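Peer 1: Okay, here's the structure, questions in a sec.
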Amino acid sequence: MSLSTSFLPSSLSLSIAMSTFLVSALEIITTEISIASIGYCMVDFINRLCITVEAFSGFPSNTITIEVELKTMEVDVYVRQVVLYIYGAFNRNVNGWYTVDFDCVGNITLVSNLYIPKGSTRKSQLEYTLPYYIMPGMTHGVLKIDATDLSSNDSMQGRYSFPLVYVRDRSYEELKADYEELMTEYGELQKQYEEVVADFNELRKEYERISRLEAELEGEVERNRYILYVFVGLTVALTLTLLYLAGRRKL
């Protein structure tokens, strides 16, 4: 008498599935983080105008998405122009990278002729295709600003440089949401795994109980067989004795 243990591969398969799931989750998160961003630039003209520019792109790619936010503080501002210049290296052909030192390969007008009342915010988003694939470490941006403080007619001009970087801050919340979703799925899978383990433990206990019963039954069979042998032996001996006595009595 024996009990099948075919439930063992199911537990093992689930463990492998969980490992694959975690590896896939890690690959997803890593892929999402590995993006090129041409910086996060924030310029503040002393409580008059705050400009935030974020440009990001898939990697490798020659198309960038740029988000611009302009916020006035205590005065009305007229923004004549906000231009983003891209300097660096680009791929002229499929044979390799060619460095363009201190040469502008992109000239992107972000804002032009915009009036912003005090305490107001203006946001915009645009896409721009560069003549090269973005190459981290060999590209940087220069933000040029030309605006006027309408309360005093003061000119507000600035030129700010920032390097190409990998990770854009705005993806953190997206990645966090994806991570939490994956962890929720992992938690559900963990519960299923624990249920399978609990079922396995119950089956193992049942198997051990049946094994003990099987051993006890085999012992009982052996005892009964021994008793049977003794009984048969005694019966045969008694029969022979009676026959012997009966034979002697006739004599």
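The values are calculated or read from the model by the stated rules, or taken from the named source; none is laboratory data. These numbers were taken from a predicted model, which means no experiment stands behind them. Cβ placement follows ideal geometry from the backbone for every residue including glycine, while neighbour counts extend to all protein chains displayed.
Peer 1: May I ask you to verify whether Met156 is at pLDDT below 70 and in the same structural domain as Val43 (by TED's automatic domain parsing)?
Peer 2: So Met156 does not fit the description; no.
Peer 1: Ok, one more. Within the range 108-139, track down each residue that is modelled with pLDDT under 85 and either surrounded by fewer than 17 Cβ atoms within 10 Å (Cβ to Cβ) or among the small types (Gly, Ala, Ser) (or both).
Peer 2: Thr129, Pro131, Pro136, Gly137
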